[in-house]
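Take a look at the structure below.
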Amino acid sequence: MEAMQQAAINTVGIKRIGVLTTGGDCAGLNAAIRAVVRRAAGHYGLEVLGIHQGTNGLMEDPPRAEALTLSMSDAGLLRAGGTILGSVNRGNPFAFPLPDGSLEDRSPLIHAGAARLGLDAIIGIGGDGSMRILNRLMKTGPFPFVGIPKTIDNDLGATEYAIGHHTAVEVAMEALDRLQPTAASHGRIMVLEVMGRDAGHIALAAGIAGGADVILLPEIPWRMAPVAAAIRQLRERGRNFALVVVAEAVRSAEGETVLAGPAAPGAMPRLGGVGASIAHALEEATGAEARVTVLGHVQRGGSPGALDRIVASAMGVHAVDLAVRGRFGRIVVWREGRVGDAPVEDAAGEARPVDPAGDMVRAARGLGICLGDQ
Ligand code: F6P
């Protein structure tokens, strides 16, 4: 295997590799950057450039990049939250929003920036929107690209795990661990609103891990009657509190998606606030006191958990191995406990929502957790 890769590198002739992070940040990005540097510089002897602010760094003149060396890829980076390279989560470069509201195709600047840096390969760590953009850049000019999936939402089609998801679940689980005693002390319903955009993976996993009584997901339409009945049943069994996990894209009791505010130019609509409306409706339906906690970006920050460190490290190594073999247009994936790769289109296409007939939903129902539909 090693010999094959070494032979391949001589065939493809890569000397300098770029790495960038793009889209919303999450825990584990630095662990992936570290793995790329260790594999590329430490094993293959390549030069590694870290590109700042995602593809925006390549648009600038001169491009914004720094040399990433083995000495900086120590274990501190493995533990660090955020991304040392910075990131952007708005502004499609093919229709880049300008201050006057008009849109400009800035992709030629990105191709020029990559050429100017002399990049033989680019490893892009991003979510579905970023993969679409990076793939299009590869098709419209010289942009030899390999993807690494990251998103706390874990909704990329191609892979079972994306970097950042596990840590977000751990943070939400810890929030439930902390909410439970205070809920029990005051006899309250605690509503925890978690991120995840249109996918309920964080809510479902954290709800199961954190002992939720009710989990409301965007994938399963809910009604107040079964939720109120579940809470009444808990009371009848002598329980004085309830833990309710709500995914941010769930509709309110009135059937509305709740937005935290207007979207910035070129950005997605900002979800947030549905937990408060559900807590209020729960008070009215059950007569119990309810409080709401909105976790927000706490789920994205901080040190990555063990599984995110492992996934990020394995993916970073595999991405470099793909690049030196000239396997561009591929994205690293995690399937059935193994690292592999797939065409990037698989991750840039349809999102992967929670399967209402899948094992995790079955487990939740088996535990007696109310999912709001029955
Ligand atoms: O996609 C990741 C995510 O954290 C979503 O779960 C959330 O809705 C969104 O990004 C928040 O985006 P922003 O950082 O722009 O507020």
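As an exercise, take the mean of 1/r over every pair of distinct alpha carbons in segment 251-374, invert it, and state the Kirkwood radius in angstroms.
Values: mean 1/r = 0.0527 Å⁻¹.
Kirkwood radius, segment 251-374: 19.0 Å.
Enumerate the amide H contacts of Val333 below 5 Å, restricted to partners 5 or more residues apart or on another chain; note that Pro and chain-start residues carry no placed amide H.
Gly340, Asp341, Ala342
Which ³J(HN,Hα) values in Hz, rounded to whole numbers, follow from the phi angles of segment 143-153 under the Karplus curve 6.51 cos²θ - 1.76 cosθ + 1.60, where θ = phi - 60° and Gly and Pro get x?
7, x, 10, 10, x, 10, x, 9, 4, 4, 5
Specify the inter-centroid distance of segment 109-142 and segment 67-89, based on alpha-carbon positions, in whole Å.
20
Tell me which residues come under 5 Å, amide H to amide H, from Ile122 once H is placed; ignore anything under 5 positions away on its chain.
Close amide H contacts, sequence-distant or interchain: Gly18, Phe145, Val146.
Ignoring ligands, DNA and RNA, what percent of the accessible area of the chain is carbon or sulfur (1.4 Å)? Before the final figure, lay out each step's value.
On the way: 8070 of 15500 Å².
Here carbon and sulfur together make up 52 percent of the probe-accessible area.
With +1 on each Lys and Arg Cβ and -1 on each Asp and Glu Cβ, how big is the dipole of the chain about its Cα centre, in debye rounded to the nearest 20?
Once rounded to the nearest 20, the dipole reads 580 debye.
Quick check on segment 12-63: take the gyration tensor over C-alpha atoms, sort the square-rooted eigenvalues as a ≥ b ≥ c, and tell me if it's rounded (a/c under 1.5), prolate or oblate. Numbers along the way, then the final one.
Details: a/c = 2.97, a/b = 1.22, b/c = 2.44.
The shape class here is oblate.
Given charges of +1 on the Cβ of Lys and Arg and -1 on the Cβ of Asp and Glu, with all other atoms neutral, how large is the dipole of segment 168-300 about its Cα centre, in debye to the nearest 20?
Values: 12 positive and 14 negative charges, 33 e Å.
Dipole magnitude for segment 168-300 comes out near 160 debye.
With every protein chain present, what accessible area does Arg39 have (1.4 Å probe, heavy atoms only), rounded to the nearest 10 Å²?
Roll a 1.4 Å probe over it and Arg39 shows about 40 Å².
Apply the a/c threshold of 1.5 to the C-alpha gyration tensor of segment 9-101 and tell me whether it is rounded, prolate or oblate.
Numbers: a/c = 2.58, a/b = 1.48, b/c = 1.74.
It is oblate, given that a/c is not under 1.5 and a/b is not larger than b/c.
Expressed as a rounded percentage, what relative contact order does segment 75-195 have, with Cα pairs under 8 Å and six or more residues apart?
Values: 102 pairs, mean separation 17.0, N = 121.
Reported relative contact order: 14 percent.
Please list, in chain and number order, the residues 5+ apart from Arg188 or on another chain whose amide H is under 5 Å from its amide H, with Hs placed from the backbone.
Answer set, sorted by chain and number: Ala242.
Gap in Å between the Cα centre of segment 161-222 and the Cα centre of segment 326-343?
29
Report relative contact order for segment 168-300 in percent, whole number only (criteria: Cα-Cα under 8 Å, sequence separation at least 6). Don't skip to the answer; put the middle values down first.
On the way: 260 pairs, mean separation 43.6, N = 133.
Once normalised by length, the contact order is 33 percent.
In vacuo Debye scattering of segment 168-300, one point per C-alpha: log10 I(q)/I(0) at q = 0.14, 0.15 Å⁻¹?
Each listed q corresponds, in turn, to -0.56, -0.64.
Please work out the average accessible area per residue across segment 1-132, using the 1.4 Å probe convention, and give it in Å².
On the way: 5420 Å² over 132 residues.
For segment 1-132, the solvent-accessible area averages 41 Å² per residue.
Can you give the accessible area per residue of segment 282-350, in Å², using a 1.4 Å probe?
Working: 2990 Å² over 69 residues.
Computed with neighbouring chains in place, this is 43 Å² per residue.
Put +1 on the Cβ of every Lys and Arg and -1 on every Asp and Glu Cβ in the chain; which of Pro63, Gln180, Leu322 then has its Cα farthest towards the positive end of the dipole?
Leu322
What order, most packed first, do the peptides 290-301, 160-171 have when packing is the mean number of other Cβ atoms within 10 Å of each residue? Mind dumping the intermediate values first?
On the way: 290-301: 18.2, 160-171: 26.3.
Result, highest mean Cβ count within 10 Å first: 160-171, 290-301.
Between segment 255-311 and segment 23-64, how many Å separate their Cα centres?
Result: 30 Å between the Cα centres.
Could you tell me which of Gly76, Thr22, Ile125 has its Cα farthest along the dipole of segment 1-156 towards the positive end, charges placed at Cβ (Lys, Arg +1; Asp, Glu -1), taken about the Cα centre?
Farthest along the dipole direction, towards plus: Gly76.
I need the Kirkwood Rh of the chain: take the reciprocal of the average 1/r across all distinct C-alpha pairs and report it in angstrom. Can you show the working numbers first?
Working: mean 1/r = 0.0463 Å⁻¹.
Answer for the chain: a Kirkwood hydrodynamic radius of 21.6 Å.
Taking the dipole about the Cα centre of segment 168-300, with the C-beta of Lys and Arg at +1 and of Asp and Glu at -1, give me whichever of Ile278, Gly210, His297 is farthest to the positive side.
Gly210
Using the Karplus curve 6.51 cos²θ - 1.76 cosθ + 1.60 with θ = phi - 60°, what ³J(HN,Hα) values do you get for each residue of segment 355-360, in whole Hz, with x for Gly and Pro?
7, x, 9, x, 4, 5
Taking only C-alpha pairs under 8 Å that are 6+ residues apart, what is the relative contact order of the chain in percent?
Once normalised by length, the contact order is 23 percent.
The values are calculated or read from the model by the stated rules, or taken from the named source; none is laboratory data. Every value quoted in this text rests on a predicted model; they were computed, and no experiment measured them. Neighbour counts are summed over all protein chains in view; Cβ atoms, including those assigned to glycine, are modelled from backbone coordinates with ideal geometry. Areas reflect the complete protein model, heavy atoms only, side chains present, ligands, DNA and RNA absent. Shrake-Rupley method; radii C 1.70, N 1.55, O 1.52, S 1.80 Å.
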